[in-house]
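Engineer: Structure below; questions to follow.
The values are calculated or read from the model by the stated rules, or taken from the named source; none is laboratory data. Quick caveat: nothing in here was measured; it's all calculated off a predicted structure. Cβ placement follows ideal geometry from the backbone for every residue including glycine, while neighbour counts extend to all protein chains displayed.
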């Protein structure tokens, strides 16, 4: 059984707001992930601690982040690294995809996510 990854009250409120403001790459990826044939359940804008994950598969302990160009500017790389370390400490693997890659190769991105999620789900279950 997957360990729960819950969010703080602020994260839950922020997640609800972000579900209403998804970007085009996030919407495309969400539509592809939510109707998958492998029985994997993904949540969108999932609160985790003080963070909000773009997508999360609890049974695989897998977070998927769609990074727009803002993730390369200012202190975002350092903040993302701190966040990824915290998630790793919780047993969650983080996959990051540039928004451009999601827009131009959605099928390839989804194929990779499904392969990794399936492998992690099986290794966690055993």
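Engineer: Would you confirm whether any residue within the range 51-70 is within 25 Å of residue 126 (Cα to Cα), touching a residue at least 40 places away in the same chain (Cβ under 8 Å), out of contact with any strand residue (DSSP E or B) (no Cβ under 6 Å at 6 or more places or on another chain) and assigned to a loop (DSSP other than H, G, I, E, B)? Walk me through it before giving the result.
Structural biologist: Just the residues of the range 51-70 that are within 25 Å of residue 126 (Cα to Cα), to begin with: 55-64.
Keeping just the survivors that are touching a residue at least 40 places away in the same chain (Cβ under 8 Å) gives 56-62, 64.
Retained after the next criterion (residues that are out of contact with any strand residue (DSSP E or B) (no Cβ under 6 Å at 6 or more places or on another chain)): 57-61.
Next cut, assigned to a loop (DSSP other than H, G, I, E, B) only: 61.
Looking for residues that are within 25 Å of residue 126 (Cα to Cα), touching a residue at least 40 places away in the same chain (Cβ under 8 Å), out of contact with any strand residue (DSSP E or B) (no Cβ under 6 Å at 6 or more places or on another chain) and assigned to a loop (DSSP other than H, G, I, E, B), one finds at least one in the range 51-70, hence yes.
Engineer: How many of the residues in the range 87-108 are under 15 Å from the mean Cα position of the chain (by Cα) and either within 15 Å of residue 56 (Cα to Cα) or surrounded by fewer than 14 Cβ atoms within 10 Å (Cβ to Cβ) (or both)?
Structural biologist: So the count comes out to 10.
Engineer: Being modelled with pLDDT of 95 or more and within 18 Å of residue 47 (Cβ to Cβ) is the requirement here; does residue 111 meet it? First the steps, then the outcome.
Structural biologist: On the way: modelled with pLDDT of 95 or more: yes; within 18 Å of residue 47 (Cβ to Cβ): no.
No, not satisfied.
Engineer: What is the number of the single condition among (1) within 23 Å of residue 108 (Cβ to Cβ); (2) assigned to a loop (DSSP other than H, G, I, E, B); (3) modelled with pLDDT under 90 that residue 40 does not meet?
Structural biologist: So residue 40 meets the others, but not (3).
Engineer: Here is a list: 87, 29. Which entry is closer than 26 Å to residue 10 by Cα, touching a strand residue (DSSP E or B) at 6+ places or on another chain (Cβ under 7 Å) and touching a residue at least 40 places away in the same chain (Cβ under 8 Å)? Lay out the reasoning, then the answer.
Structural biologist: Working: 87 fails: touching a residue at least 40 places away in the same chain (Cβ under 8 Å).
Among 87, 29, only 29 is closer than 26 Å to residue 10 by Cα, touching a strand residue (DSSP E or B) at 6+ places or on another chain (Cβ under 7 Å) and touching a residue at least 40 places away in the same chain (Cβ under 8 Å).
Engineer: Look at residue 94 and say whether it is within 26 Å of residue 10 (Cα to Cα) and assigned to a strand (DSSP E or B). Give the steps one after another, and end with the answer.
Structural biologist: On the way: within 26 Å of residue 10 (Cα to Cα): yes; assigned to a strand (DSSP E or B): yes.
Yes: the conditions hold for residue 94.
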